[in-house]
Amino acid sequence: QVRLVESGGGLVQAGGSLRLTCAVSGGTFNGMAWFRQAPGKEREFVAFIDWSGANTAYRESVKGRFTISRDNAKNTLYLQMNSLKSEDTAVYYCAAGRAGVTTSGPYNYWGHGTQVTVSS
């Protein structure tokens, strides 16, 4: 069965960095993405990457600070987060989609999330 497991979240001071990891098992996926959800808010798109890594997309507020990448040999997705702000505090989820997936989906599988808390 397919499973996506996030790790790497934690508590960090504003201006600091974290790297999130999503370990994938049970399948391979053309497109993968990171989403986040803050308390009391709806889940929002953060970043997308295709199989080759050549095509990426980011929400405007994280451009220049976050970098999405993947290691297909290890079937692992990453999100490098630099210059973190308090507004980045959220539970971060990885998502995976098969052929034809775009930034808006469809995402067939989701992880359970990892908490990122940024103190100011």
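Please go through the range 1-50 and pick out each residue that is charged (D, E, K, R), open to solvent by 60 Å² or more (accessible area, probe 1.4 Å) and over 11 Å from Ala95 (Cβ atoms). Selection gives Arg3, Arg19, Lys41, Glu42. Residues that are without any contact (Cβ under 8 Å) to a residue 60 or more places away in the chain, under 9 Å from the mean Cα position of the chain (by Cα) and within 16 Å of Thr114 (Cα to Cα): list the strands (runs of 3 or more DSSP E) wholly contained in the range 34-80 that include at least 2 such residues. Here the list reads 44-49. Across the range 88-114, the number of residues qualifying as part of a strand (DSSP E or B), over 12 Å from the mean Cα position of the chain (by Cα) and either in contact (Cβ under 8 Å) with a residue 40 or more places away in the chain or within 14 Å of Gln13 (Cα to Cα) (or both) comes to 3.
For Ala23, the conditions (1) of a type in the set (Gly, Ala, Ser); (2) modelled with pLDDT of 95 or more; (3) farther than 14 Å from Tyr109 by Cα; (4) not in a helix (DSSP H, G or I) all hold with the exception of (3).
Are any residues in the range 1-33 more than 16 Å from the chain's Cα centre (by Cα) and closer than 23 Å to Val118 by Cα, and if so, which ones? Within the range 1-33, Leu11, Val12, Gln13, Ala14, Gly15, Gly16 qualify. Please indicate, with yes or no, whether at least one residue in the range 98-110 is surrounded by 13 or more Cβ atoms within 10 Å (Cβ to Cβ), out of contact with any helix residue (DSSP H, G or I) (no Cβ under 6 Å at 6 or more places or on another chain) and closer than 17 Å to Arg19 by Cα. So far as the range 98-110 goes, no, none of its residues is surrounded by 13 or more Cβ atoms within 10 Å (Cβ to Cβ), out of contact with any helix residue (DSSP H, G or I) (no Cβ under 6 Å at 6 or more places or on another chain) and closer than 17 Å to Arg19 by Cα. Does Gly53 meet the test of being more than 22 Å from Arg98 (Cβ to Cβ) and open to solvent by 20 Å² or more (accessible area, probe 1.4 Å)? Answer is no for this residue.
Considering each residue of the range 111-120, count those that are on the phi < 0 side of the Ramachandran plot, open to solvent by less than 60 Å² (accessible area, probe 1.4 Å) and in contact with a Lys or Arg (Cβ under 9 Å, 6 or more places away or on another chain), and give that number. The total comes to 3.
The values are calculated or read from the model by the stated rules, or taken from the named source; none is laboratory data. Values in this document were obtained by computation on a predicted structure and should not be read as measured data. All Cβ positions, even for glycine, are placed from backbone atoms using ideal geometry, and neighbour counts span all protein chains on display. Accessible surface areas use protein heavy atoms only, side chains included; no ligands, DNA or RNA. Shrake-Rupley method; radii C 1.70, N 1.55, O 1.52, S 1.80 Å.
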